[in-house]
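Chemist: Sharing a structure with you now.
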Amino acid sequence: MALEELGRYRIAGKLGEGAMGVVYRAFDPLLERIVAVKTIKLDFSPAEEDDFERRFFREAKSAARLNHPNIVTVYDAGKADAIAYIAMEFLEGRDLRQLMIKNQALPVARVVDIVGAVADGLAYAHENGVVHRDIKPANIMVLDNGGVKIADFGIAQIQTGTRTMSETIMGTS
């Protein structure tokens with residue numbers, strides 16, 4: 001059965017799927033706008049779920065306080081049944097990984113623009129005490145209007161990270 005609602009969000013369709021969840025296009029009836037809702041299935045033991053929720057909401061708060069033109073804006077985070085979610089700015093465009101797969105090199109000037117935008121976004125986040133932990137082409141959105149935004153800011157470690165012996169969470173490949 002397809003997901004029709006999640007919290008206050010009305011699901012309009014699936015945008016993508018990852019190892020731990022799905023990203024949906026949704027409508028926020030309260031603010032009357034289209035959003036992207038990233039979900040994470042909560043199939044943990046009770047002790048793991050408490051730890052996950054604590055980290056999840058801490059990271060969502062960190063990401064939500066960032067306000068920069070090169071960082072995806074986080075609007076909301078919540079939990080509905082066995083699904084945690086983050087509602088964020090809906091972007092028209094493709095991730096850099098998709099552009100790289102096309103087997104044609106981007107113009108050097110465009111590459112410089114993309115790298116500069118990512119560096120500006122990361123510098124702003126670092127100035128505000130937030131580290132992404134998972135920069136990769138799949139987390140860089142190149143917008144149809146020419147803009148560039150860093151996605152999965154601050155939540156990448158929660159979604160797909162793995163614990164090391166020192167309890168440090170590492171990013172994905």
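Read-outs throughout are calculated quantities, based only on the coordinates presented, and are distinct from any laboratory measurement. On a predicted model such as this, the values are computed, not experimentally measured, just so you know. Virtual Cβ from ideal backbone geometry, glycine too; neighbours counted across all protein chains shown.
Chemist: In square nanometres and to one decimal, what's the mean projected area of the convex hull around the Cα atoms of segment 35-74?
Modeler: Taking a quarter of the hull surface, the average projection is 3.3 nm².
Chemist: If each of Arg65 and Ala2 carries a label point 7 Å out from its Cα toward its Cβ, how far apart are those two points in nm?
Modeler: 3.9
Chemist: If R₀ is 25 angstrom, what is the calculated FRET efficiency for the pair Glu53 and Leu30, using the beta carbon separation as r and rounding to 0.05?
Modeler: 0.65
Chemist: Classify segment 56-134 from the C-alpha gyration tensor, please: rounded if a/c falls under 1.5, else prolate or oblate depending on whether a/b exceeds b/c.
Modeler: Oblate is the answer for segment 56-134, as a/c is 1.5 or above yet b/c matches or exceeds a/b.
Chemist: Just order 99-112, 130-143 by mean Cβ neighbour count inside 10 Å, highest at the front, would you?
Modeler: Packing proxy ranking, top to bottom: 130-143, 99-112.
Chemist: With a Förster radius of 30 Å, plug the Cβ-Cβ distance of Lys79 and Asp120 into 1/(1 + (r/R0)^6) and report the FRET value to the nearest 0.05.
Modeler: Plugging the Cβ-Cβ distance into 1/(1 + (r/R0)^6) gives 0.35.
Chemist: Let me ask something else. Using the alpha-carbon atoms, what tilt in degrees (0 to 90, nearest 10) does helix 46-64 show relative to the longest principal axis of the chain?
Modeler: Between the helix axis and the principal axis of the chain, the angle is about 40 degrees.
Chemist: Using a basic spin-label model with each label point 7 Å from the Cα along Cα→Cβ, how many nm lie between Arg110 and Leu143?
Modeler: With each label placed 7 Å out from Cα toward Cβ, I get 1.7 nm.
Chemist: Now for a separate question. Set the Förster distance to 22 Å, then compute FRET efficiency between Asp43 and Leu15 from the Cβ-Cβ distance, nearest 0.05.
Modeler: Working from the Cβ atoms, E equals 0.50.
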